[in-house]
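**Student:** I have a structure I would like to understand better, so I am pasting it below and will then ask my questions one at a time.
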Amino acid sequence: MWNYIEGILCLALISVISVLGLTVFTGFTGMFSMGHAAFIAIGAYTASILTSKAHANFYLALALGGLMSGFVSLIIGYPTLRAKLQNDYFAIATLGFGEAVRVILENLKITNGARGLVGIPARSTFLNILLITVLLTIITAHYVYSKYGRQSVAIREDHVAAEMMGINLFTVRLRALFFSAVMAGIGGGLYAHYVNFIQPSMFTSTQSTTLIAAVVAGGMGSITGPFVAMLIFSALPEILRVADMWRLVAYGLILVLIMVLRPQGIFGYKELNFKFVKRWIKKIRAKKPALPAEGGDA
Amino acid sequence: MLKVDNVNVFYGHIHAIRDVSIEAKDSQIVSIVGANGAGKSTLMMTIAGVLKKSSGSISFDGELLPAEPHKILAKGVCLVPERRRLYANLTVRENLLAGAYLRKDKAAIQEDMEEMFSLFPILKQRFKQYAGTLSGGEQQMLAIARGLMSRPKLLMLDEPSLGLAPMLVQQVFDTICNVRDRGTTIFMTEQNASDALAISDYAYVLETGRITLSGSGKEVLENPEVQKAYLGIKQEQS
């Protein structure tokens with residue numbers, strides 16, 4: 001039983017890493033990317049080719065996979081962000097990019113085409129996946145609460161105002177895209193070394209959509225939200241196995257319910273951190289003894 | 001100070017600004033009046049670097065302006081965009097601090113903030129309030145104050161009276177005069193021609209992308225064509 005749960009948890013945490021990257025780009029910078037599966041794929045392929053063919057160190061390969069994704073993100077990001085593509089236009093550009101990467105992977109020799117790469121060493125264990133997830137979550141939080149993160153939020157809230165204040169839209173957006181691509185690449189590398197086999201058809205736009213859905217359902221402008229949402233999204237199909245053939249219907253229904261009941265997402269613009277917990281405990285304590293004294297506080 | 005020379009701007013095939021040349025001198029209020037779609041905002045956005053001009057030159061203090069908005073702001077040209085564009089869920093203080101984004105001198109920023117409060121007393125009372133809860137007039141004041149926080153030499157205001165009650169319009173224009181008296185050059189666009197022209201040192205009339213008339217604020221205000229077109233004053237039949 002534990003093996004089963006561990007397996008689900010591993011895959012869920014790996015997805016969480018990619019989602020954290022997308023959170024920075026979508027939730028905090030306000031740009032929609034429909035092609036993030038491509039970055040996962042690039043990271044996965046780079047890392048697995050390095051370990052299986054060049055026998056490189058696993059962690060080095062992960063990092064290089066991430067950097068490779070980041071590098072490719074600059075190639076797609078430079079022209080699109082320079083041209084100030086936004087909203088749906090940018091989303092369509094990334095959608096096309098995602099498909100293009102998949103087709104390229106299907107036709108390259110080094111990736112073994114559509115047959116995929118086999119015999120990737122199993123280096124991802126529950127422990128190192130968990131540690132890497134924790135580490136990357138901390139790094140993401142630091143990115144978001146740094147100057148870079150605040151610049152991103154300023155652009156998300158009002159890009160005209162941000163530009164007039166002297167924020168360079170292009171560099172801030174490109175930096176966020178680079179960060180999210182590196183995260184997706186690392187997630188991809190871990191994934192490849194967990195399932196030991198990858199092929200281009202694993203990285204379709206369905207996966208990109210799931211990532212976006214997790215960010216939106218989890219809540220824009222929150223790290224906790226997408227983190228939790230991705231865990232739920234990964235676990236749901238397994239929990240819903242009891243529903244048998246109604247599984248996917250229930251999955252869709254839950255997504256719709258989240259959007260209807262909480263349009264801002266599960267944790268819209270909120271974080272579950274120490275500060276929040278402290279305030280919450282304070283609130284509960286304050287409520288118990290003196291109810292009438294409180295209340296008029298605005 | 002600001003010199004726009006034969007600038008042309010296109011939106012795809014649409015020729016929005018045609019050979020426009022304007023000039024703003026130190027410590028003046030220069031305004032551009034014109035109807036909807038005349039290209040007022042386009043001209044502003046072009047000077048601020050948001051839109052690209054296809055030909056012509058824009059120079060400031062004798063130097064050509066760079067192409068990107070953040071570099072233009074660093075040169076001392078600040079645009080307060082149309083509809084104010086405040087951060088509604090930040091407080092008045094935070095919005096002002098955001099305006100000083102490019103500056104590193106913390107002490108001077110604090111000083112400037114105090115100065116903004118003396119220039120716009122109403123903002124001092126609203127110090128900790130969210131910008132979204134301010135009234136339209138207060139929001140416009142805050143937008144102007146936020147623009148001034150970057151210590152611009154030239155402040156561009158895009159329709160500062162948009163959506164304000166007539167009484168507030170007067171208040172906003174009064175503060176614009178105060179800002180000018182502090183030594184900041186003002187360059188603004190307005191649909192509210194009569195009030196804007198009354199305080200302008202120089203004015204241009206923009207029609208379908210062309211400058212059709214220019215002169216001191218008073219001259220333009222008294223021009224019969226302008227009166228007919230923008231002020232709704234009927235000519236006496238003689």
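**Student:** Just the residues that are within 14 Å of chain A (Cβ to nearest Cβ), among the small types (Gly, Ala, Ser) and surrounded by fewer than 20 Cβ atoms within 10 Å (Cβ to Cβ), please, taken from the stretch B:42-82.
**Tutor:** B:67, B:74, B:76
**Student:** Do the conditions hold for residue A:171, that is, is it more than 14 Å from every other protein chain (Cβ to nearest Cβ) and either among the β-branched types (Val, Ile, Thr) or crowded, with 23+ Cβ neighbours inside 10 Å (or both)?
**Tutor:** Details: more than 14 Å from every other protein chain (Cβ to nearest Cβ): no; either among the β-branched types (Val, Ile, Thr) or crowded, with 23+ Cβ neighbours inside 10 Å (or both): yes.
Considered against the rule, which asks whether it is more than 14 Å from every other protein chain (Cβ to nearest Cβ) and either among the β-branched types (Val, Ile, Thr) or crowded, with 23+ Cβ neighbours inside 10 Å (or both), residue A:171 comes out as no.
**Student:** Quick check on this structure: which one of B:199, B:176 is hydrophobic (A, V, I, L, M, F, W, C), within 14 Å of the chain's Cα centre (by Cα) and more than 27 Å from residue B:65 (Cα to Cα)?
**Tutor:** Just a single option satisfies the conditions, and that option is B:199.
**Student:** Mind checking which residues of the stretch A:174-211 are in a helix (DSSP H, G or I) and either within 14 Å of chain B (Cβ to nearest Cβ) or open to solvent by 50 Å² or more (accessible area, probe 1.4 Å) (or both)?
**Tutor:** Within the stretch A:174-211, A:174, A:175, A:178, A:191, A:194, A:195, A:201, A:202, A:206, A:207, A:209 qualify.
**Student:** Let me ask something else. In this structure, does residue A:71 turn out to be surrounded by fewer than 20 Cβ atoms within 10 Å (Cβ to Cβ), of a type in the set (Phe, Trp, Tyr) and free of Cβ contacts under 8 Å to residues at least 24 places away in the same chain? Reasoning before the result, please.
**Tutor:** On the way: surrounded by fewer than 20 Cβ atoms within 10 Å (Cβ to Cβ): yes; of a type in the set (Phe, Trp, Tyr): yes; free of Cβ contacts under 8 Å to residues at least 24 places away in the same chain: yes.
Judged against the criteria, residue A:71 is a match.
**Student:** Can you give me the number of residues within the stretch A:80-129 that are surrounded by 13 or more Cβ atoms within 10 Å (Cβ to Cβ), among the basic types (Lys, Arg) and modelled with pLDDT of 90 or more?
**Tutor:** Qualifying residue count, the stretch A:80-129: 2.
**Student:** Right, something else. Under the condition of being open to solvent by 40 Å² or more (accessible area, probe 1.4 Å) and in contact with a helix residue (DSSP H, G or I) (Cβ under 8 Å, 6 or more places away or on another chain), which residue from the stretch A:24-53 is farthest from residue A:268 (Cα to Cα)?
**Tutor:** It comes out as A:50.
**Student:** What number of residues within the stretch B:136-163 satisfy the criterion of being polar (S, T, N, Q), over 20 Å from residue B:42 (Cβ atoms) and away from chain A (no Cβ under 13 Å)?
**Tutor:** Residues flagged as polar (S, T, N, Q), over 20 Å from residue B:42 (Cβ atoms) and away from chain A (no Cβ under 13 Å) within the stretch B:136-163 amount to 1.
**Student:** Also, quick follow-up: Please count how many residues of the stretch B:187-216 are among the hydrophobic types (A, V, I, L, M, F, W, C) and farther than 21 Å from residue B:169 by Cα.
**Tutor:** 3
**Student:** What are the residue pairs meeting all of these: first residue in the stretch A:264-279, first residue more than 8 Å from residue A:225 (Cα to Cα), second residue open to solvent by 80 Å² or more (accessible area, probe 1.4 Å) and not polar (S, T, N, Q), Cβ atoms under 8 Å, and 6 or more apart or on different chains?
**Tutor:** A:276/A:270
**Student:** Going through A:231, A:255 one at a time, which residue ends up being part of a helix (DSSP H, G or I), open to solvent by 10 Å² or more (accessible area, probe 1.4 Å) and at pLDDT below 90?
**Tutor:** A:255
**Student:** Note down all Cβ pairs under 6 Å where the first residue falls in the stretch B:40-56 and is under 10 Å from residue B:17 (Cα atoms), the second is among the hydrophobic types (A, V, I, L, M, F, W, C) and surrounded by 23 or more Cβ atoms within 10 Å (Cβ to Cβ), and they're at least six residues apart or on different chains.
**Tutor:** From residues that are under 10 Å from residue B:17 (Cα atoms), the pairs are B:40/B:32; B:40/B:206; B:42/B:17; B:43/B:17.
**Student:** Which of the residues belonging to the stretch A:1-23 are more than 13 Å from the chain's Cα centre (by Cα) and open to solvent by less than 10 Å² (accessible area, probe 1.4 Å)?
**Tutor:** Across the stretch A:1-23, the qualifying residue is only A:10.
**Student:** Can you tell me how many residues in the stretch B:120-177 are open to solvent by 40 Å² or more (accessible area, probe 1.4 Å) and not in a helix (DSSP H, G or I)?
**Tutor:** Qualifying residue count, the stretch B:120-177: 11.
**Student:** Further, regarding this structure: Do we find that residue A:69 is farther than 30 Å from residue A:155 by Cβ, hydroxyl-bearing (Ser, Thr, Tyr) and touching a Gly at 6+ places or on another chain (Cβ under 9 Å) in this structure? Talk me through it step by step, then tell me what you get.
**Tutor:** Numbers: farther than 30 Å from residue A:155 by Cβ: no; hydroxyl-bearing (Ser, Thr, Tyr): yes; touching a Gly at 6+ places or on another chain (Cβ under 9 Å): yes.
Criteria not met by residue A:69.
The values are calculated or read from the model by the stated rules, or taken from the named source; none is laboratory data. Remember, predicted model here, so these are calculated numbers, not experimental data. So basically every Cβ, Gly included, is an ideal-geometry build from the backbone, and we count neighbours across all protein chains shown. Surface areas here come from the heavy atoms of the whole protein model, side chains and all, with no ligands, DNA or RNA. Shrake-Rupley method; radii C 1.70, N 1.55, O 1.52, S 1.80 Å.
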